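A short write-up of the structure that comes next.
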Amino acid sequence: MVRIVNKFRAFTVDEFHFPHEMKTNGDLIRFAKPLLCPKPSKAVEIYMILDIIQSVMTFALCMSVMFKKGRTKNFRIFTLRKSPHGTFIVPNAIVWLLGLVSIYLLAWAGFCSYILFVQETGRPLIEWLWYIPLPWLPLALGTFYAAYGFVLTCTPRSPISNLAPTNKASHLATKLSWIHLPLPQSAWVMNTFVLGVPSAMVVYNIVITALNGQQRALTHREGHDLYRQVLSKTHSQEWLDAAPTEELLYLTRVAWCDLGNVFRLCCAALASYMVLVLLVIAMVVFYSIPNQIYLMDHLVAIYPDDDFVQPTRRSLPNILRALCRIGLPRNLHGPAYSAFKRTWMMVLVGHTQMFCVLFGCSAFIVPVFYLYFVPWHRSLLGESADHEVTFIVAYCISAAFLTAGWVTAISGVLTFDDIFRAVSGLAGPQAEVTTKTQLVPEQLRGRRSLARGFKGASLSLTPGTPYSAVFASSASPSTPSFLTSPRGAASTLGPPSPAFTKEKDPSETLFEPHTHNTVLITTATVVRFEHQEQDVEAMQTDMFPYPPPAAASPFVFLTRTEK
């Protein structure tokens, strides 16, 4: 029994011995062919063809979501966030997740195609085994950057978080603060972590794969290529019944040793994936789940119904019970619940994202541990790894199907939902007040209205009506008294005026530069100045003080005094 003690120490031929005596060449062929050239079943091959098709389709969908409509003009994969503790490097979680998972799907499609080619031509297992850890590298890095980005931007105790409670006496700061683990406040520590871990992962796996490639190239040299010299040929029955020569027995042991060295380097590469995936799972469990509990507690706190009684004890079961009562669609009718419904939807999306990352990491760690402990051990004992290879290929294809569905769903949310992009740090800058100011003449009792447009807002004014369309649309029983007509009459809503209408495609703000997480709030302000003409009474000319009003400067109602 051969044991791997040091994965960086090469095996020698003397460590490999046949499990039983090889009396004939046929016995040697029956031992070597399943060991060196295992072939998956036809069902797995059909499954691989379907997986290739869906991987390419999902890749095309993700690329169209990320790069359509000129979104690359402000493309950002990292953002520098300044804070009192220094400048932090923040990865764009969605860009890294979609981009690297898409690259993984494309690489996996190519890898499956190569596996099919190798199996159909009857080539040895070593032809594709040496490359097996590398296609998972984009998936591992994308998951790491996505988890790190969400943790750094959404954890209340993060040095750059916008979610930290400002009121230290609030229940958000006192009742649930224990669930949030601290993060290092030093910028250089966090930046070293976010840049050092992926860099070490990339360099390590490229070096290991290069060494494995050299080991694979060694099997094609004279004295190592058992497949070309023996297994690929058609032999007569007399040759199969003859006793094997010492040279043939030694050549078989050399090929067996080469396979063991390839498995050894694969295990060395898979060890890095085990560490990284466990790190991501720890980040999700210890930071993302508390973040979701924090968001649920905040959601219950902002419920707008005055009759709702807030839970006295802010525990997770009480919060979940409260959300089950107030979060049903039948309880959220009316404009007063609009902000709550959008926030509730965002929390659900966050829950889905968190559990998808957790499930994906847990699912993909299975083949890593399985390949690390099972197939190489059987091959070193001289047993065929056919069943192990078939199982792991089918499992990875199933995980690829699930990953494709997950990425497709995220792509749809990323494309159509503004709040998700804003909370994820993908929205554009906050709305800015434009400099365009126009006066609308009033026709009733000399009233004048001042309408100011906001960038990103859609304002409509009707010249023939006393109020703007925005003001008319806001006339409701909940409208404050200072924004309603003195006679209680609502003006007619007219067609939008081109001068005051500015629509912006939400998808254009997908990759606009930003310095912090912002939620785009569109507002409209109408400032009305009323002036009533006074009756003129006849007076004596000597009653006016000096200078007379005719000599004074005219009074302007719509000017501002600069201070």
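The values are calculated or read from the model by the stated rules, or taken from the named source; none is laboratory data. Values in this document were obtained by computation on a predicted structure and should not be read as measured data. With ideal geometry, Cβ positions are generated from the backbone for all residues, glycine too; neighbour counts draw on all protein chains shown.
Can you pull out the residues in segment 180-219 that are touching a Phe, Trp or Tyr at 6+ places or on another chain (Cβ under 9 Å) and in a loop (DSSP other than H, G, I, E, B)?
H180, L181, L183, P184, T219
Quick check on segment 331-348. Is at least one of its residues crowded, with 18+ Cβ neighbours inside 10 Å, not in a helix (DSSP H, G or I) and not small (G, A, S)?
no
Out of everything in segment 1-37 that is modelled with pLDDT of 80 or more and charged (D, E, K, R), what residue ends up being nearest to the chain's Cα centre (by Cα)?
As a first pass, look at segment 1-37 and keep what is modelled with pLDDT of 80 or more: 9-37.
Now restrict to residues that are charged (D, E, K, R): 9, 14-15, 21, 23, 27, 30, 33.
Details: R9: 39, D14: 50, E15: 47, E21: 56, K23: 59, D27: 53, R30: 49, K33: 44 Å.
The selected residue is R9.
Please go through (1) more than 29 Å from A93 (Cα to Cα); (2) exposed (fewer than 14 other Cβ atoms within 10 Å of the Cβ); (3) touching a residue at least 40 places away in the same chain (Cβ under 8 Å) for Q237 and return the number of the only condition it doesn't satisfy.
Among (1) more than 29 Å from A93 (Cα to Cα); (2) exposed (fewer than 14 other Cβ atoms within 10 Å of the Cβ); (3) touching a residue at least 40 places away in the same chain (Cβ under 8 Å), the lone unmet condition for Q237 is (3).
Would you pick out the residues in segment 192-234 that are among the β-branched types (V, I, T), surrounded by 12 or more Cβ atoms within 10 Å (Cβ to Cβ) and over 30 Å from F144 (Cα atoms)?
T219, V230
Going residue by residue through segment 136-150, is there one that turns out to be crowded, with 23+ Cβ neighbours inside 10 Å and outside any helix (DSSP H, G or I)?
No.
So for segment 292-308 (the condition being hydroxyl-bearing (S, T, Y), over 30 Å from V203 (Cβ atoms) and in a helix (DSSP H, G or I)), does at least one residue qualify? Even if it seems obvious, please write down each step before you answer.
Pass one, segment 292-308, residues hydroxyl-bearing (S, T, Y): 294, 303.
After this cut, where a residue has to be over 30 Å from V203 (Cβ atoms) as well, the list is 294, 303.
Then drop every residue that is not in a helix (DSSP H, G or I), which leaves 294.
Yes: segment 292-308 contains one or more residues that are hydroxyl-bearing (S, T, Y), over 30 Å from V203 (Cβ atoms) and in a helix (DSSP H, G or I).
For segment 100-117, how many residues meet the condition of being in contact with a Cys (Cβ under 8 Å, 6 or more places away or on another chain) and of a type in the set (G, A, S)?
Final tally of qualifying residues: 1.
Is at least one residue of segment 29-46 under 23 Å from A255 (Cβ atoms), free of Cβ contacts under 8 Å to residues at least 60 places away in the same chain, among the charged types (D, E, K, R) and surrounded by fewer than 17 Cβ atoms within 10 Å (Cβ to Cβ)?
Yes, there is a match, as at least one residue in segment 29-46 is under 23 Å from A255 (Cβ atoms), free of Cβ contacts under 8 Å to residues at least 60 places away in the same chain, among the charged types (D, E, K, R) and surrounded by fewer than 17 Cβ atoms within 10 Å (Cβ to Cβ).
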